[in-house]
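Chemist: I have a structure I would like to understand better, so I am pasting it below and will then ask my questions one at a time.
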RNA sequence: GGUCCCGUAGCUCAGCUGGAUAGAGCAUCGGAUUUCUAAUCCGACGGUCACAGGUUCGAAUCCUGUCGGGAUCACCA
């Protein structure tokens, strides 16, 4: 049970009763009413703004509304105290039983704790990574990959039906360049000495492609004209590059259900179809774009192109659909792609992009609005840059041949879990500093370690308790008498756990998985604090040899805390640690 | 020049979609351990929420403008 949500419905019921009794006018809008933990714990357990929100539409003084509502809420059995404070806040204090009941919920739910049906099974398409398939993934892709995956997890957690999707840009000129590069490696595999010309991809990772081509086709391809070997080499290369990328993603624990090919849109005629759709709506014309203001380059020239009227949908200028030579721009198939998502039943889409694509947001939103007649919602999440540091020193990645840090380099050095957690310790639209040393540091300053340590410590205590003869099975812990938990720090941790489902829901609604990382940090702090209280006061230790009832209650508490930590880490895609080494 | 993001404690950042006295970590200073792993904890110090207006019962949060930092711009993908 989500306590905050529960009281939202109780408050609403009380307000409806007041309306029925004629004490409040009918037709009030309750949607802005919220129930949240008060910032100051001394104010109580829950706080609602109901009286302040309703005072104006009801034409009443907020305190008058508050008093009416308070009279109703006093009769709630789980409420021990109701007060009106400040401009009209209503603060509630709840019985310990209510909060402790939440611990039982956690024990019953285990790692699934915090799940809800907020999304009601609605389909959401989350497209992320979508890195160009021209080589292994590099470090610049990691943040978006982790963010998108955690967001997908988060939405699943609250009851959305999530499709994880990767858009393969396999139709552009770069793919031809890639194929030519692979062809060089093919000749190399056949014994030629080659030098990769300027403009082609020099990376070693194409050597296996060349070898595979040589093995399958022998010398045959060499005898063919370009136009004949190109599709063969291209398809083999694409397939192998996508295998490479899938392998890279697997290292991060990421699996997409759908890999959607841009090329397939061209082949199926979907691009032509969606452009015709836009044309029929009168949203396409031939015209010339103005030179961007402030652009002083010499290579600017006017050209007539096929343009989409994205300005009608809030974009800053109309956007080119066709190049001056008549071929499609990247934008055209992208419209077709989003239209395809819509036709597959996704009225809710999320795209995760790097900051360098932020200028592209408005046109895609415009296009989605246009082709779906505003029947789909699209949110574009932009991940700002990651700056790499080693021991506090930034290091630059030169773009020179093959000299970049790959995703695997990073994961090999610090591990999947640390990478994932660290990437989610900042909100997506702020830039993030990633320090290899800091990620591995074993200190309070490193949230990855701090949260994992809390979980490992709990596991350690439970192992120890088992050694001492306590039954730490879930069934036994669920029967513990939780009313023996009376210390403020114990109840504090209990309340923190009770607030977790709310944190999940709010993070999901905001599309902000980083909030989970912060919630976990808070939970870990709550636990570490409690642990240390047991050092000052031996009576507060979890394991009391002479009091098995209290011991069982405390073991149940920390078991639940471990579940909540694991639940949150699960959303982030991180495995909880059983021990620290 | 346009667009997008950022600007909160000395540093790195949260701030629950407009609520109460703006919070953490690091750093500095002072404490706690014969341990259920001190890899931790407790306390103190530290703020003109970049600046100026506006919206309202109420603004770090929303709007306008200014300043500073970053990204981006037209047939690349």
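The values are calculated or read from the model by the stated rules, or taken from the named source; none is laboratory data. Just so it is clear, the structure is predicted and the values come from calculations on it, not from any experiment. Cβ: placed from backbone, ideal geometry, glycine included. Neighbour counts: every protein chain shown.
Chemist: Check residue A:135 against each of (1) modelled with pLDDT under 95; (2) in a loop (DSSP other than H, G, I, E, B); (3) surrounded by fewer than 17 Cβ atoms within 10 Å (Cβ to Cβ) and name the one condition it does not meet.
Modeler: (3)
Chemist: Restricting to the stretch A:460-471, what's the tally of residues that are surrounded by fewer than 17 Cβ atoms within 10 Å (Cβ to Cβ) and either in contact with a strand residue (DSSP E or B) (Cβ under 9 Å, 6 or more places away or on another chain) or assigned to a loop (DSSP other than H, G, I, E, B) (or both)?
Modeler: 3
Chemist: Of the numbered conditions (1) outside the structural domain of residue A:35 (by TED's automatic domain parsing); (2) without any contact (Cβ under 8 Å) to a residue 12 or more places away in the chain, residue A:150 fails exactly one; give the number of that condition.
Modeler: Failing condition for residue A:150: (2).
Chemist: Can we say residue A:343 is more than 14 Å from RNA strand B (Cβ to nearest atom) and at pLDDT 95 or above?
Modeler: The answer is yes for residue A:343.
Chemist: Yes or no: residue A:503 free of Cβ contacts under 8 Å to residues at least 12 places away in the same chain and within 9 Å of RNA strand B (Cβ to nearest atom)?
Modeler: Criteria not met by residue A:503.
Chemist: Another question, then. Mind checking which helices (runs of 4 or more DSSP H) fall wholly inside the stretch A:14-118 and carry at least 1 residues that are within 9 Å of RNA strand B (Cβ to nearest atom), crowded, with 17+ Cβ neighbours inside 10 Å and at pLDDT 90 or above?
Modeler: A:50-58
Chemist: Among the helices (runs of 4 or more DSSP H) lying completely within the stretch A:347-430, list those that include at least 2 residues that are in the same structural domain as residue A:279 (by TED's automatic domain parsing).
Modeler: Per the criteria, A:361-372.
Chemist: Of all residues in the stretch A:301-318, which are more than 19 Å from residue A:373 (Cβ to Cβ), crowded, with 18+ Cβ neighbours inside 10 Å and near RNA strand B (Cβ under 9 Å from one of its atoms)?
Modeler: A:305, A:307
Chemist: When only residues in the stretch A:281-300 that are in contact (Cβ under 8 Å) with a residue 12 or more places away in the chain, over 15 Å from residue A:371 (Cα atoms) and part of a loop (DSSP other than H, G, I, E, B) count, which is farthest from RNA strand B (Cβ to nearest atom)?
Modeler: A:290
Chemist: May I ask you to verify whether residue A:278 is closer than 19 Å to residue A:365 by Cβ, away from RNA strand B (no atom under 12 Å from the Cβ) and buried (at least 19 other Cβ atoms within 10 Å of the Cβ)?
Modeler: Yes, satisfied.
Chemist: Output the number of residues of the stretch A:154-180 satisfying the condition of being out of contact with any strand residue (DSSP E or B) (no Cβ under 8 Å at 6 or more places or on another chain) and in a helix (DSSP H, G or I).
Modeler: So the count comes out to 10.
Chemist: Among the numbered criteria (1) more than 30 Å from residue A:512 (Cα to Cα); (2) buried (at least 19 other Cβ atoms within 10 Å of the Cβ); (3) within 16 Å of RNA strand B (Cβ to nearest atom), which single criterion is violated by residue A:154?
Modeler: (1)
Chemist: Now for a different question. Test residue A:163 against the stated conditions and say whether it is surrounded by fewer than 24 Cβ atoms within 10 Å (Cβ to Cβ), assigned by TED's automatic domain parsing to the domain that holds residue A:327, modelled with pLDDT of 95 or more and closer than 24 Å to residue A:330 by Cβ.
Modeler: yes
Chemist: Quick one: residue A:509 ticks every box in (1) within 27 Å of residue A:145 (Cα to Cα); (2) near RNA strand B (Cβ under 8 Å from one of its atoms); (3) buried (at least 17 other Cβ atoms within 10 Å of the Cβ) bar one, so which box is it?
Modeler: With (1) within 27 Å of residue A:145 (Cα to Cα); (2) near RNA strand B (Cβ under 8 Å from one of its atoms); (3) buried (at least 17 other Cβ atoms within 10 Å of the Cβ) applied to residue A:509, the lone miss is (3).
Chemist: Now for a separate question. Would you mind stating whether residue A:8 is out of contact with any helix residue (DSSP H, G or I) (no Cβ under 9 Å at 6 or more places or on another chain), outside the structural domain of residue A:565 (by TED's automatic domain parsing) and either under 30 Å from residue A:349 (Cβ atoms) or assigned to a helix (DSSP H, G or I) (or both)?
Modeler: For residue A:8, the condition - out of contact with any helix residue (DSSP H, G or I) (no Cβ under 9 Å at 6 or more places or on another chain), outside the structural domain of residue A:565 (by TED's automatic domain parsing) and either under 30 Å from residue A:349 (Cβ atoms) or assigned to a helix (DSSP H, G or I) (or both) - is met.
Chemist: Taking the conditions exactly as written (over 22 Å from residue A:471 (Cβ atoms) and more than 7 Å from RNA strand B (Cβ to nearest atom)), does residue A:486 satisfy them or not?
Modeler: yes
Chemist: Taking the condition of being within 12 Å of RNA strand B (Cβ to nearest atom), without any contact (Cβ under 8 Å) to a residue 40 or more places away in the chain and farther than 18 Å from residue A:292 by Cβ, how many residues in the stretch A:356-373 meet it?
Modeler: Matching residues across the stretch A:356-373 total 1.
Chemist: Further, regarding this structure: Which of the residues spanning the stretch A:323-333 are touching a strand residue (DSSP E or B) at 6+ places or on another chain (Cβ under 8 Å) and more than 8 Å from RNA strand B (Cβ to nearest atom)?
Modeler: Of everything in the stretch A:323-333, those that are touching a strand residue (DSSP E or B) at 6+ places or on another chain (Cβ under 8 Å) and more than 8 Å from RNA strand B (Cβ to nearest atom) turn out to be A:328, A:332.
Chemist: Identify, by number, the condition in (1) outside any helix (DSSP H, G or I); (2) in the same structural domain as residue A:376 (by TED's automatic domain parsing) that residue A:336 doesn't meet.
Modeler: (1)
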